[in-house]
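Encoded as structure tokens, the structure appears first; notes follow it.
The values are calculated or read from the model by the stated rules, or taken from the named source; none is laboratory data. For clarity, every value in this text was computed on a predicted model and none was experimentally measured. Please note: Cβ atoms are built from the backbone with ideal geometry, for glycine as well, and neighbour counts cover all protein chains shown.
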């Protein structure tokens with residue numbers, strides 16, 4: 001990293017604890033702080049300046065990809081600080097969206113991750129899904145699970161990421177990290193190859209398509225623990241998303257396979273709290289006998305009610321989590337209403 005202006009923005013983002021930085025031709029630099037966009041500099045950036053930032057960030061191979069497709073994902077470091085980014089062309093020239101990666105991986109308690117995940121994470125095989133919208137902390141939750149396993153079990157963990165965000169130091173586990181575009185061509189190919197690399201645990205950054213979902217299910221079915229994410233809102237919607245990816249004549253087979261391998265789903269979102277920051281809100285679905293039967297029989301409309309009435313099994317809905325956060329004074333009544341799923345929103349007093 002050579003450009004002092006870009007370095008200045010990155011250091012400023014860290015100082016104000018911004019999660020993201022947006023750099024655009026013809027605009028001033030913008031940062032997202034506690035979910036809100038704020039201008040952080042008065043300098044209007046030229047198209048040439050932004051392109052020089054892009055040249056500083058991307059490798060030669062990535063520049064070629066950018067020339068071909070007009071957008072590319074990347075990650076980079078400045079000193080001991082890591083960032084991920086997407087660079088792209090737009091109407092005014094070039095843009096860069098940069099996400100800060102916090103070097104230290106928090107534990108479950110500090111991040112607000114449900115403790116019940118610890119029980120699922122030490123299973124020998126199966127599938128654990130972390131779901132939520134973009135920017136909801138899914139990658140951080142996966143990293144915390146990997147970090148936990150690294151402390152408590154002995155295993156070979158393979159991560160397949162696009163791009164690599166968190167880096168790990170092997171403790172009790174041997175950890176192999178592979179980045180799409182640098183170490184492997186795509187998710188499905190890397191996932192298939194990982195099955196021949198003696199893994200115990202496979203962390204797949206995202207299940208993006210039919211082939212990666214199918215291979216992940218097979219990996220979980222053949223004795224591996226698979227951790228992955230989906231860009232879906234709500235645990236129940238995640239089940240629908242997986243099944244709906246497949247042709248109609250294969251969906252019953254996938255329901256059966258999914259019911260056999262799925263250990264649990266954590267769906268999450270970051271909600272503004274009363275202190276000006278953001279807190280993690282989650283819902284948890286654990287695949288006990290009742291949930292497995294519902295999935296296998298295609299009665300997904302029963303999932304939400306089963307979750308809400310199974311607190312003793314460690315399950316709860318997003319609505320229940322947000323209501324508890326409101327009652328505890330963590331979030332305001334306004335944000336309770338705003339972030340509760342529309343179908344479940346209720347009045348609070």
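Worth a mention:
- If the condition is being surrounded by 16 or more Cβ atoms within 10 Å (Cβ to Cβ) and without any contact (Cβ under 8 Å) to a residue 12 or more places away in the chain, then segment 6-60 contributes only 30.
- In segment 196-206, residue surrounded by the fewest Cβ atoms within 10 Å (Cβ to Cβ) [restricted to those that are modelled with pLDDT of 95 or more and at negative phi]: 196
- Condition check for residue 330: surrounded by 15 or more Cβ atoms within 10 Å (Cβ to Cβ) and touching a helix residue (DSSP H, G or I) at 6+ places or on another chain (Cβ under 7 Å): no
- Residue within segment 320-333 that is more than 21 Å from residue 140 (Cβ to Cβ), touching a residue at least 40 places away in the same chain (Cβ under 8 Å) and not in a loop (DSSP other than H, G, I, E, B) present: no
- Screening the candidates 128, 98 for the property of being touching a strand residue (DSSP E or B) at 6+ places or on another chain (Cβ under 9 Å), closer than 30 Å to residue 257 by Cβ, buried (at least 17 other Cβ atoms within 10 Å of the Cβ) and modelled with pLDDT of 95 or more yields one hit, 128.
- Residues in segment 145-165 that are over 20 Å from residue 216 (Cβ atoms) and surrounded by 20 or more Cβ atoms within 10 Å (Cβ to Cβ): 147, 150.
- In this entry, residue 280 is excluded by the filter for residues that are under 17 Å from residue 120 (Cβ atoms), touching a strand residue (DSSP E or B) at 6+ places or on another chain (Cβ under 7 Å) and surrounded by fewer than 24 Cβ atoms within 10 Å (Cβ to Cβ).
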